[in-house]
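Engineer: If you scroll down you'll find the structure; I have some questions about it.
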Amino acid sequence: MTIALLLLAVTPPILYLIYIVRMDSVEPEPIKTVLKALVLGMIAVMPAAFIEHFLLSFPLLKAGGVVGAALQSFLVIAPVEEGVKIIAVMLFLWRDRNFNEENDGIVYTGAVAIGFALLENIFYVVSNGFGNGIMRALTSIPLHTFTGVLMGYFIGTAKFSPDTRGGRVMAGFIIAYLLHAVYDTFALSGSSAALLR
């Protein structure tokens, strides 16, 4: 049972990673660097969980229903999770010699996001079972991948546009953050959509 749950948790993120890597066919990235990005994303789960646990203990964020879900999503979960992903990319991949074209931003940031989703998915699926694993494969994993790819597009263009670098990186973060926050608001709202989380 646990092995089946682990396979269910790990397979969707890995398939998304393979897809992103295969799409980068002009100048493929070294697998070693892609795996480094994946592992960075997995490591980023730890500080995100710690920060979220601390911030979500504040009384203001304990409100129920849609309002509470929106507060938690927009003020804590989405900014923290997208924040640790972008920090991982900017600190450990931005200056990597293999990050030498715009599309590399998509590959590396996407891999970081998938690594984050992969470890998070293991925790959720092993704890909550097959139904949760199926729902997350159809919703949460694509969300993390999509926001990572979007943010990666902006990071990739920023690297080679020094005059607008800061604005582009910030735009990528804001778009990823808003999409993530809207998704989590529905997922945490207490409705049937809560299964998405």
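Engineer: Would you mind checking which residues have amide H under 5 Å from Phe160's amide H? H placed 1.01 Å from N; only 5 or more apart, or other chain.
Structural biologist: Residues meeting the criterion, in which the H sits 1.01 Å from N, do not exist here.
Engineer: Loop only per DSSP, at most 14 neighbouring Cβ atoms within 10 Å: give me the trypsin sites (Lys or Arg not before Pro) in the range 36-120, ordered by residue number. Display every interim value, and only then the final one.
Structural biologist: Values: sites: Lys36, Lys62, Lys85, Arg95, Arg97; in loops: Arg95, Arg97.
Counting only loop positions with at most 14 other Cβ atoms within 10 Å, the trypsin sites (Lys or Arg not before Pro) in the range 36-120 are Arg95, Arg97.
Engineer: Percent of accessible area on the chain owned by carbon and sulfur, 1.4 Å probe? Could the numbers behind the result be given before it?
Structural biologist: Numbers: 7130 of 9610 Å².
The nonpolar share, carbon plus sulfur, comes to 74 percent.
Engineer: Could you name the aspartates and glutamates whose alpha carbon sits less than 13 Å from that of Lys32, not counting residues in the same chain fewer than 8 places away?
Structural biologist: Correct list for Lys32: Asp96.
Engineer: In square nanometres, what is one fourth of the surface area of the convex hull spanned by the alpha carbons of the range 119-191? Walk me through the numbers before you get to the answer.
Structural biologist: On the way: hull surface 21.4 nm².
Projected over every direction and averaged, the Cα hull of the range 119-191 covers 5.3 nm².
Engineer: Moving on to the next point. Taking Cα atoms, how many degrees apart are the long axis of helix 31-55 and the longest axis of the chain, rounded to 10 and kept between 0 and 90?
Structural biologist: On a 0 to 90 degree scale, this one is about 40.
Engineer: Of all the C-alpha pairs in the range 1-55, what % are more than 14 Å from each other?
Structural biologist: Working: 1012 of 1485 pairs.
Percent of Cα pairs beyond 14 Å in the range 1-55: 68.
Engineer: Right, here's the next one. Taking Cα atoms of the chain, Rg/Rh with Kirkwood Rh, to two decimals?
Structural biologist: Numbers: Rg = 16.5 Å, Rh = 16.9 Å.
Rg divided by Rh gives 0.98.
Engineer: When the Karplus curve 6.51 cos²θ - 1.76 cosθ + 1.60 is applied with θ = phi - 60°, which whole-Hz ³J(HN,Hα) does each residue of the range 108-125 get, with x for Gly and Pro?
Structural biologist: For the range 108-125, the Karplus curve yields 6, 5, x, 5, 4, 4, 5, x, 4, 4, 4, 5, 4, 5, 4, 4, 5, 6 Hz.
Engineer: Here is a follow-up. Jot down the radius of gyration and Dmax of the range 17-94, Cα atoms only, both in angstrom.
Structural biologist: According to the Cα coordinates of the range 17-94, Rg and Dmax are 16.5, 51 Å.
The values are calculated or read from the model by the stated rules, or taken from the named source; none is laboratory data. For clarity, every value in this text was computed on a predicted model and none was experimentally measured. Note that each Cβ is placed from the backbone with ideal geometry, even for glycine, and that neighbours are counted across all protein chains shown. Remember, those area values only see protein heavy atoms, side chains included, never the ligands or the DNA or RNA. Shrake-Rupley method; radii C 1.70, N 1.55, O 1.52, S 1.80 Å.
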